[in-house]
1. Could you figure out which of (1) at pLDDT below 95; (2) under 19 Å from I4 (Cα atoms); (3) part of a loop (DSSP other than H, G, I, E, B) isn't true of V122?
2. Just one of G9, G64, G14 is in a loop (DSSP other than H, G, I, E, B), closer than 23 Å to K108 by Cβ, under 11 Å from the mean Cα position of the chain (by Cα) and in contact (Cβ under 8 Å) with a residue 24 or more places away in the chain; which is it?
3. Just to verify a result, which residue in segment 83-119, among those that are part of a helix (DSSP H, G or I), of a type in the set (G, A, S) and over 14 Å from the mean Cα position of the chain (by Cα), is modelled with the lowest pLDDT?
4. Could you go through segment 28-45 and let me know if any residue there is polar (S, T, N, Q), touching a strand residue (DSSP E or B) at 6+ places or on another chain (Cβ under 9 Å), crowded, with 18+ Cβ neighbours inside 10 Å and under 17 Å from T149 (Cβ atoms).
5. Given L92, L81, which one is touching a residue at least 60 places away in the same chain (Cβ under 8 Å) and under 22 Å from G154 (Cβ atoms)?
6. For segment 1-17, give me each residue that is crowded, with 17+ Cβ neighbours inside 10 Å and either charged (D, E, K, R) or more than 21 Å from V87 (Cα to Cα) (or both).
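The values are calculated or read from the model by the stated rules, or taken from the named source; none is laboratory data. All of these numbers come straight from a predicted model, not from anything done at the bench. For neighbour counting, all protein chains shown are included, and Cβ atoms are generated from backbone atoms with ideal geometry for every residue, glycine included.
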Amino acid sequence: MIIIGLDPGLGCTGWGVIAKSGNRLSHIANGQVKTDPAQPLAERLVVLDRELTDVILAHRPDAGAVEEVFVNSNAQSTLKLGQARGVCLLALARAGLPVAEYATRLVKKALVGTGAAEKAQVQAMLKVLLPGVKLAGADAADALAVAITHAHVGR
């Protein structure tokens, strides 16, 4: 089974693709989709959709997993994150994939054993679970963590 994980963001959306065979996981690819903050919101969402669609077509996953939105103190930032997350959900659903959603604390707990884990701990565990992985950045690492969470707890 091939799983794609997404860590949504308007400025940068991370993606990570893994393969699961029995209890064994292997890294396929990871990366980040960055949008230009000087562009209008609608154009940034189009770029995000187009690039995610290209990744999905290139790797042909069997399932998708997306990190849930956390609410922060800046309502405008939360709305933009929600819009980017909507594009992520749409891209996966349009490809006909079953889509799961996971809270950040669950992702951290699934990888590190505690929902309060730091990003460095998650990235260290990724290197244990996916030996030799070269991370494209923090958002790509988070996306791989979401994919691994789905491999462990998804149905």
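1. Tallying (1) at pLDDT below 95; (2) under 19 Å from I4 (Cα atoms); (3) part of a loop (DSSP other than H, G, I, E, B), V122 fails exactly one: (3).
2. G9 is the lone residue from the list that is in a loop (DSSP other than H, G, I, E, B), closer than 23 Å to K108 by Cβ, under 11 Å from the mean Cα position of the chain (by Cα) and in contact (Cβ under 8 Å) with a residue 24 or more places away in the chain.
3. Ranking the qualifying residues of segment 83-119, first place goes to A110.
4. Checked segment 28-45: at least one residue is polar (S, T, N, Q), touching a strand residue (DSSP E or B) at 6+ places or on another chain (Cβ under 9 Å), crowded, with 18+ Cβ neighbours inside 10 Å and under 17 Å from T149 (Cβ atoms).
5. Step by step, each of L92, L81 is checked, and only L92 is touching a residue at least 60 places away in the same chain (Cβ under 8 Å) and under 22 Å from G154 (Cβ atoms).
6. Within segment 1-17, just D7 meets the criteria.
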